[in-house]
């Protein structure tokens with residue numbers, strides 16, 4: 001009894017801490033593209049739709065931060081390219097070159113291709129990137145007469161592939177190619193249905209860009225926006241593209257056309273945007289063209305599009321948002337009949353984005369629409385009789401987000417037993433405790449309360465210490481764009497893109513350039529800021545070199561004390577002895 005007050009105080013302290021989960025701010029993918037290159041594909045896909053579809057998927061990926069692997073198979077693995085980190089347009093071009101040079105021929109065993117894809121994903125997947133496998137096939141297994149494998153082997157391996165993908169969280173999307181009408185769609189659809197992917201069927205080249213866009217949009221939690229269709233007249237035609245807010249990191253503009261087109265882009269100030277890999281990237285294939293605009297400013301942009309007269313050009317938009325969605329609940333354990341408050345916050349979201357968003361809170365088999373209060377979305381969740389999970393679904397016209405679930409444990413209230421009738425009262429003389437004993441009990445109560453408060457304070461201090469340790473151990477987030485200009489020759493080198501998460505907690509600029517630069521850059525050290533909040537990360541850049549001049553916001557900076565570089569800001573470094581300038585841009 002004498003420890004009850006202490007226990008209650010400690011328990012209350014921990015129960016008052018809300019539980020939260022967070023949705024990723026910017027989605028990146030680890031994708032393995034699996035292509036059937038058996039002889040039957042000469043008939044099921046004579047126009048090589050699958051080749052172009054794979055290239056389009058690569059074009060849709062972020063300019064830096066995603067990984068791509070490739071598996072081709074017939075009745076054995078023909079080629080296996082491990083997951084490769086994309087750090088710039090050159091990486092994408094090299095991956096597309098591999099796809100363009102694939103060779104078709106041989107018998108078919110779909111399971112060997114998917115088993116190799118899972119092996120590659122196991123070896124190369126790096127969270128928080130989302131794993132996804134995309135299969136292109138006619139769905140038919142044709143084993144060669146001398147192949148020792150049997151139909152029973154195929155059935156066993158099919159089951160094992162599904163089990164392995166489910167256990168690892170690998171979504172499999174399947175695209176059935178059916179030009180000759182022999183597609184076994186049910187077989188490849190099962191892989192998608194049982195692993196959380198989607199399955200498609202196509203016989204026409206015109207459908208493939210829509211299928212790839214749907215896969216990309218579903219995996220990235222974004223919405224395909226139809227910007228309209230142009231009937232080309234041989235002259236430049238104008239299309240207005242609305243960038244509704246400044247939370248968009250990349251805007252993918254796809255042009256679906258069977259004829260070549262010309263595209264020009266003007267920003268909201270009507271300035272032409274170069275397709276140089278820093279501001280925008282443009283690529284074109286037989287049945288599509290892709291324009292990727294990087295970190296576009298809010299406002300109305302203008303497209304100038306010229307196609308061959310009579311050609312129909314469909315234009316679609318896919319916006320990738322940098323947005324953190326956080327779900328919090330007031331408690332993870334409650335009695336049946338009680339109420340739990342769920343709160344959803346959108347970190348750094350603009351008021352326009354909040355106004356256009358809605359949040360649905362799902363619990364068990366029920367859901368409720370959250371109300372907006374002071375920039376938050378709040379809902380009261382009734383507690384039933386059984387344990388359940390709470391999930392938040394954010395919906396916006398251009399994207400959606402689904403939080404991880406929070407498990408809620410339900411405790412039942414036991415009815416109090418009926419006490420037996422009390423015996424008749426017997427008068428008993430009550431002896432007052434001695435004065436010194438009363439003082440002891442009073443002092444003990446005060447000490448117990450003091451100990452409880454002290455432990456609570458110690459818990460807070462411990463939490464702060466842990467937080468500070470976490471800050472000191474913080475790792476890089478985001479990506480760095482590096483541009484070098486040689487003022488002697490006037491040459492501006494192609495920008496280098498680096499996904500900083502690959503470099504842990506510390507890196508020098510020369511290492512980030514992979515040795516391609518002045519040795520002086522080896523003394524420029526980058527670390528994550530330990531004091532910046534997690535949703536507003538900063539880099540700290542230090543150097544003691546007197547041969548380097550640092551400028552930020554047109555002001556010279558003292559790098560020996562450390563320069564803080566926030567997201568979407570830049571820093572220039574002048575190498576006076578070589579008459580070169582290095583520009584660093586820190587991006588999501």
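Normalised by 2.2 N^0.38 Å, with N the number of residues, the alpha-carbon radius of gyration of the range 326-411 equals 1.09.
Net length available on complete extension from residue 163 to residue 556 is 135.6 nm, with 0.36 nm assigned per residue and the Cα-Cα distance removed. With a simple spin-label model that places each label point 7 Å from the Cα along the Cα-to-Cβ direction, the separation between residue 207 and residue 147 comes to 2.5 nm.
Each of residue 335 and residue 76 was given a label point 7 Å from its Cα along the Cα-to-Cβ line. The distance between the two points is 6.9 nm. Per-residue Cβ neighbour counts within 10 Å put 279, 301 in the sequence 279, 301, beginning with the fewest. The protection proxy used here, the mean number of other Cβ atoms lying within 10 Å of each residue, ranks peptides 331-344, 52-65, 308-321, 263-276 as follows, highest first: 52-65, 308-321, 331-344, 263-276. When you count the other C-beta atoms within 10 angstrom of each residue and take the mean per peptide, 252-258, 234-240, 292-298, 179-185 line up highest first as 252-258, 292-298, 179-185, 234-240. On a per residue basis, the convex hull of the C-alpha atoms belonging to the range 222-322 measures out at 87 Å³.
Read the figures in this text as sums done on the coordinates, not as results from a lab. Computed from a predicted structure; not experimentally measured. Every residue, glycine among them, receives a Cβ derived from its backbone with ideal geometry; neighbour counts consider all protein chains shown.
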